[in-house]
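The values are calculated or read from the model by the stated rules, or taken from the named source; none is laboratory data. None of these values were measured; they are calculated from a predicted model. When we count neighbours, we look across all protein chains shown, and the Cβ atoms used for this are built from the backbone with ideal geometry, even at glycine. Note: areas computed on protein heavy atoms with side chains; ligands, DNA, RNA excluded. Shrake-Rupley method; radii C 1.70, N 1.55, O 1.52, S 1.80 Å.
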Amino acid sequence: MSLSKKRKKELQKLQASASQLWEAQQYVLAGASDVAREAGRQLGHYNREHIAPIVDEKYHEFVAPVVDRVAPYVDESRKASKHFLDRRVVPVVGGVVGKALSAIDAAGDARAKFMHTAPVAPPKKKGGAGAVIAIVLGVAAAGAVLYAAWQTLRADDELWVADDPLASPDA
């Protein structure tokens, strides 16, 4: 497909205009990141100087007395629950699990005798829940990074306000 000289010239002007716009966007983004960094720093200062002392004062005024009144009861209930778990629940659960495993082993031995073969070792695990969770979290993090990049680089005409009206291209 061949283009006329006029079309080639118009395309070259459009390309130059697009590259100028790209450079301007890069400059604006750099300035916006500097402003956001400084705003975060100022917010940290404001938090340390104004918010944290008020929160600390209100905590000591309202929350600390209640915690001090309830703390002995919490300690006693924690000891009682630990004692109950250690003395009652763990032995019962351990016994049930042990009996279930011994029944499974006995059934496997009986089956092996019946089949006249040696018991087969269970296959090795290939992946656990931890690996699946790690993969899901990795995919979610990658998606968040891609979304943030897309939000940063997308063309949003409503955000740009021109100082001067754009001149129409020469025909």
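For the pair SER81 and GLN15, the difference between a 0.36 nm per residue extended length and the Cα-Cα distance amounts to 16.4 nm. In this simple spin-label approximation, ARG69 and ILE133 carry label points 7 Å from Cα along the Cα→Cβ vector, and these lie 3.8 nm apart. Taking all protein chains as they are arranged and a probe of 1.4 Å, the heavy atoms of GLU57 leave approximately 110 Å² accessible to solvent.
For the stretch 1-125, carbon and sulfur atoms together expose 65% of the accessible surface, with a 1.4 angstrom probe and every protein chain in place.
Is the shape of the stretch 29-72 best called rounded, prolate or oblate, per the rule: a/c under 1.5 gives rounded, else a/b larger than b/c gives prolate, else oblate, with a ≥ b ≥ c the square roots of the Cα gyration tensor eigenvalues? Prolate, since a/c reaches 1.5 and a/b exceeds b/c. Solvent-accessible area per residue in the stretch 1-121 equals 90 Å², computed with a 1.4 angstrom probe and all protein chains kept. Residue by residue, the stretch 9-15 carries 3J(HN,Hα) couplings of 5, 5, 5, 5, 5, 5, 5 Hz when phi is fed to the Karplus relation 6.51 cos²θ - 1.76 cosθ + 1.60 (θ = phi - 60°); x denotes Gly or Pro. With a cut-off of 15 Å between beta carbons, the residues surrounding ARG69 carry a summed charge of -4, where Lys and Arg count +1 and Asp and Glu -1. How would the stretch 6-91 be classified by its alpha-carbon gyration tensor: rounded, prolate or oblate, with rounded meaning a/c under 1.5 and the a/b versus b/c comparison settling the rest? Cα axes put the stretch 6-91 in the oblate bin. Taking the Cα centre of the stretch 1-83 as reference, the dipole from Cβ charges on Lys and Arg (+1) and Asp and Glu (-1) amounts to some 1120 debye.
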